[in-house]
Amino acid sequence: MVISGCGAMANGNGVKLMEEKRLVLFKAKRIDNGEWVCGDLIHEPYGTVIQYYEDETEDKGNYAKTAYKKRVKATVDPETVCQYTGWDDKNGNKIFEWDIVDCHKKRGAAFWMCKVAWNKEKARFDVITMGCAFPLFLEDSNSSIRVSSADYEVVGNIFDNPELIGGEDG
C-alpha cells in the first residue's frame, strides 16, 4: 500500500513543498502454520489479518488462460506484527521493526547484533544495540561518520532468532 500526503502544501513562505509517498507494509506470522506473510495490516472482528495478493491463472479451455491476482487474508499472531521501516539493507532486503541487523563493520564491534524498534518519543525507527545505553537512528550521521541502511544487514528477527541478541537460549 502506498500512502500519499494530503496534496501539495506550501510552507510559511509560500514555497510549494513536494508531496512525499512511502510504502506502508507489515509482516507477521500466520496462526495456522507459523509462516511469515507480508502485506496490508487489517484488524477484523475475528482477529488480526495480513492481506496480500497471489498470482493465479484460470484455465478457460481451448488453451486459454487468464492471469489475475487473488486476494488472500491470513489470520496472524498480533504479537509478531512488524512494520516496514522504509529502508532496505545492503542486500536489498526490507528492514522491518523487530529485525536483527548487523552493522559492526561501519559502527564498530558494539553494533554486531542490534534490534530495530520504534522510538515513540522521537517518532522514528532506531537501532538498539545490546549493552549500549542509547538508541541510534537507523539512518544516522554526524561529523565523523555517515551510516545508512545500506550499511546494515538483516540477520534475523527477535521472534525466530532471539538468541542473536541474548534472548532465549542466548
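List of remarks:
- Taking the average, over residues, of other Cβ atoms within 10 Å as the packing measure, peptides 74-82, 36-44 rank 74-82, 36-44 from highest down.
- Here r is the Cβ-Cβ distance between Asp59 and Ile31 and R0 is 41 Å; the resulting FRET efficiency, rounded to 0.05, is 0.85.
- Summed side-chain charge close to Glu56 - residues other than Glu56 whose Cβ falls under 9 Å, Lys, Arg +1, Asp, Glu -1: -1
- Taking each residue as 0.36 nm, the span from Val24 to Arg124 lengthens on full extension beyond its C-alpha to C-alpha distance by 34.6 nm.
- Taking every protein chain into account, the 1.4 Å probe leaves Arg22 with about 140 Å² of accessible area, to the nearest ten.
- Contour minus Cα-Cα distance for Ala67 and His43 (0.36 nm per residue): 5.7 nm
The values are calculated or read from the model by the stated rules, or taken from the named source; none is laboratory data. No experiment lies behind these values; they were computed from the predicted model shown. Positions of Cβ are backbone-derived with ideal geometry, glycine not excepted, and every protein chain shown enters the neighbour counts. These accessible areas exclude ligands, DNA and RNA; they are computed on the full protein's heavy atoms, side chains included. Shrake-Rupley method; radii C 1.70, N 1.55, O 1.52, S 1.80 Å.
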